[in-house]
Amino acid sequence: MKAAVIVFPGSNCDRDIQVALRQSMDSEPIMVWHRDTEMPDVDLIAVPGGFSYGDYLRSGAMASLSPIMREVKVRAERGVLVLGICNGFQVLTEAGLLPGVLMRNAGIKFVCKDVFLRVEDAETPFAAGYDAEQVIRIPVAHHDGNFFTDEATLAEIEDNGRVAFRYCDTDGQTTADANPNGSLNNIAGVYNKARNVLGMMPHPERLADPALGGADGRPMFDGLVAALG
């Protein structure tokens, strides 16, 4: 498997996902600067978390117009896997690669803590390392993670199994108390229609090694390697 990590000014998790991919791939992912216009031949493109361009306009809005994003769109349309985490999720929605928007958290506060997620579908390369309905513990760290969309789009997402993960309690129940940001239907991650693009607010790369306090994020990267070879 070959992977690339996009680096924007303000990224703060580019190295985290670089390390997570390296330990699963046993090789080095390619770091691609946001001003580049060409993309190497890769199987996976990761758009990391952080505060691209300082979130000065709107989270992910400026990054979505970076030169490299034109090539990310082209590759996504060709079926290359694209993974956007936290700010990367925001970038992908702003770029039109995923539906919906990420609004200010319902509590109007930055949230930084571990949360529990229920795996909704383990039939994609992104979730192949998990079991359906498995509950995993993954950190969140965001101020604008409240997933919102119109009723018709939400129905289409739900009806076509495009929800990847939901916020839940330790028993897998999607309660209001388990929702850290007010996201509709406790949605923590969504796929595009072709299911080769995933955006999620929680950070699996931040809990991918026991030295970090847990490894529930590691199966995502191991599963991608197994699925892509």
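The values are calculated or read from the model by the stated rules, or taken from the named source; none is laboratory data. What you are looking at is a predicted structure, and each value in this text was computed from that prediction instead of being measured. Counting neighbours? That spans all protein chains shown, and the Cβs are built from the backbone with ideal geometry, glycine included. What goes into the accessible areas is simple: the full protein's heavy atoms, side chains included, and nothing from ligands, DNA or RNA. Shrake-Rupley method; radii C 1.70, N 1.55, O 1.52, S 1.80 Å.
Sorting the segments 137-149, 95-107 by their residues' average number of neighbouring beta-carbon atoms within 10 angstrom, most packed first, yields 137-149, 95-107. Binning the alpha carbon pair distances of segment 47-101 at 10 angstrom intervals from zero yields the distribution 28, 59, 12, 0, expressed in whole percent. Calculated FRET efficiency, D36 to T153, Cβ-Cβ distance, R0 = 35 Å: about 0.65 to the nearest 0.05.
Amide H contacts of V82 (H built 1.01 Å from N, in plane; Pro and chain starts excluded): I45, V197, L198 sit under 5 Å, all sequence-distant by 5 or more or on other chains. Using the 1.4 Å probe convention, the accessible area of the chain works out to 42 Å² per residue with neighbouring protein chains retained.
Taking H as built 1.01 Å from N, whose amide H comes closer than 5 Å to the amide H of V7, not counting residues under 5 places away? Correct list: V32, W33, H34. For the chain, the fraction of 1.4 Å probe accessible surface lying on carbon and sulfur atoms is 48 percent. Between S27 and L212, the modelled label-to-label distance comes to 2.2 nm, taking each label 7 Å out from Cα in the direction of the beta carbon. Peptides 24-35, 57-68 ordered by packing proxy, namely the average of other Cβ atoms within 10 Å per residue, highest first: 57-68, 24-35. When we measure straight from the Cα of K2, which lysines land under 22 angstrom away, once same-chain ones fewer than 8 places off are left out? The reachable lysines, counting only those whose Cα sits under 22 Å from K2, are K73.
For the chain, averaging the sequence separation of C-alpha pairs within contact (under 8 Å, six or more residues apart) and dividing by the residue count gives a relative contact order of 21 percent. Karplus-based coupling profile of segment 219-229, in residue order and whole Hz: x, 4, 6, 5, x, 5, 4, 5, 6, 9, x, with θ = phi - 60° in 6.51 cos²θ - 1.76 cosθ + 1.60 and x standing for Gly or Pro.
Given +1 at the Cβ of Lys and Arg, -1 at the Cβ of Asp and Glu and no other charges, the dipole of segment 100-229 around its Cα centre is 440 debye to the nearest 20. Full extension of the chain between Q134 and L65 yields a length gain of 21.2 nm, computed as 0.36 nm times the residue separation minus the alpha carbon distance. Once Rg/Rh (Cα atoms, Kirkwood Rh) is calculated for the structure shown, the corresponding label among (1) 0.97; (2) 0.95; (3) 0.93 turns out to be (3). Computed over segment 119-229, relative contact order equals 33 percent, with contacts defined as Cα pairs under 8 Å that lie 6+ residues apart. Full extension of the chain between N12 and R104 gives 31.2 nm of extra length, using 0.36 nm per residue less the Cα-Cα distance.
Computed from phi, the 3J(HN,Hα) profile of segment 153-164 under the Karplus parametrisation 6.51, -1.76, 1.60 (θ = phi - 60°) reads 5, 4, 4, 5, 4, 5, 5, 9, x, 9, 7, 8 Hz, with x in place of Gly and Pro. Taken as Cα centroids, segment 146-162 and segment 1-56 sit 28 Å apart, rounded to the nearest whole angstrom. The magnitude of the dipole of the chain, with charges of +1 and -1 set on the Cβ of Lys/Arg and Asp/Glu and taken from the Cα centre, is near 560 debye. Peptides 196-205, 169-178, 126-135, 209-218 ranked from most to least packed by the mean count of surrounding Cβ atoms within 10 Å: 196-205, 126-135, 209-218, 169-178.
The loop-placed chymotrypsin sites (Phe, Trp or Tyr not before Pro) in segment 50-89, going by DSSP, that have at most 11 neighbouring Cβ atoms within 10 Å of their Cβ come out as Y56. Using θ = phi - 60° in the Karplus curve 6.51 cos²θ - 1.76 cosθ + 1.60, the 3J(HN,Hα) couplings for segment 173-180 round to 7, 8, 8, 5, 5, 7, 8, x Hz; x is entered for Gly and Pro.
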